[in-house]
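Novice: Sharing a structure with you now.
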Amino acid sequence: KAGVTQTPRYLIKTRGQQVTLSCSPISGHRSVSWYQQTPGQGLQFLFEYFSETQRNKGNFPGRFSGRQFSNSRSEMNVSTLELGDSALYLCASSFSGTQNTEAFFGQGTRLTVV
Amino acid sequence: TQLLEQSPQFLSIQEGENLTVYCNSSSVFSSLQWYRQEPGEGPVLLVTVVTGGEVKKLKRLTFQFGDARKDSSLHITAAQPGDTGLYLCAGVRSGAGSYQLTFGKGTKLSVIP
């Protein structure tokens, strides 16, 4: 069974630009979560989608947004990029998003803002 | 606010030694998970502990969940170079209409042959 696929793997953008990252979950999984990983802060929760609805959102500015499509694929968008947005962005999919659910992570998208 | 504190942050040991990694929380979570992440990869789930006092074993890895469900530990016996990686604990919050993992900052383990 194919794993979680994130595209692109690497991205370099300039301050002020916007970026869209994509995540294709494991077939049949309806919950998709996004995380930002930096050396200083570790992994921080951005948001979670389930059946096209955002169920939960982390403590990030409104420049960070996302959506989920009917096939469970998800995208996240960051507008007006700042240097501090440089990070590894990870997507995780799970079947139902309950406490015993196993979350499967993609390899991530490494975003560098210059 | 970092709700999960992991210690130590870095650990470098010789092959064959034992080690313990700690994860302490100021909150109670529905369950707690341990992940291992290798460079260039996403985290991979090792175990989920749900019940206070629970102990789970995965080959040379032993996971414990505190009675109050606010702390956990990972013990590795006779570490191998293949155990090298970033170990992350994550508290799971789930309920009607939400699912969220809160991660500790991780313990970077290096096992020297």
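Novice: Please report the projected area of the protein assembly as shown's Cα convex hull averaged over all directions, in nm².
Specialist: Here the figure is 12.3 nm², rounded to one decimal.
Novice: Other chains near A:101-114: what is the mean number of their Cβ atoms within 10 Å of each residue's Cβ?
Specialist: 3
Novice: Output the peptides A:41-48, B:80-87 sorted from most to least packed, where packing is the average of other Cβ atoms within 10 Å over each peptide's residues.
Specialist: By packing density, highest mean first, the sequence is A:41-48, B:80-87.
Novice: Kirkwood hydrodynamic radius for segment B:1-44: how many Å is it when counted over pairs of different Cα atoms?
Specialist: For segment B:1-44, the Kirkwood estimate is 12.9 Å.
Novice: Hey, another quick one. How big is the charge dipole of chain A about its Cα centre, in debye rounded to the nearest 20, if each Lys and Arg gets +1 on its Cβ and each Asp and Glu gets -1 on its Cβ?
Specialist: With Lys and Arg at +1 and Asp and Glu at -1, about 160 debye.
Novice: Expressed in whole Å with the largest first, what are the equivalent ellipsoid semi-axes of chain B derived from the C-alpha gyration tensor as the square root of 5 times each eigenvalue?
Specialist: So the equivalent ellipsoid measures 24, 15, 12 Å along its semi-axes.
Novice: Place a +1 charge on the Cβ of each Lys and Arg in segment A:1-68 and a -1 charge on the Cβ of each Asp and Glu, then give the dipole magnitude about the Cα centre in debye, rounded to the nearest 20.
Specialist: Rounded to the nearest 20 debye, it is 120 debye.
Novice: Would you please state the base-10 log of I(q)/I(0) at q = 0.14, 0.19, 0.20 1/Å for chain A, with intensities from the Debye formula using one equal scatterer on every alpha carbon?
Specialist: -0.51, -0.94, -1.03
Novice: Could you work out the mean projected area of the convex hull around the alpha carbons of segment A:1-66, in square nanometres to one decimal?
Specialist: 5.6 nm²
Novice: Please identify every one of the trypsin sites (Lys or Arg not before Pro) in segment B:1-96 that sits in a loop by DSSP and has no more than 14 other beta carbons within 10 Å of its own beta carbon.
Specialist: B:LYS59, B:ARG60
Every read-out reported here was derived from the displayed coordinates using simple, explicitly stated rules and does not represent laboratory data. Note that this is a predicted model, so its numbers are computed, not measured. Heads up, the Cβs are rebuilt from the backbone with ideal geometry, glycines too, and the neighbour counts pull from every protein chain shown.
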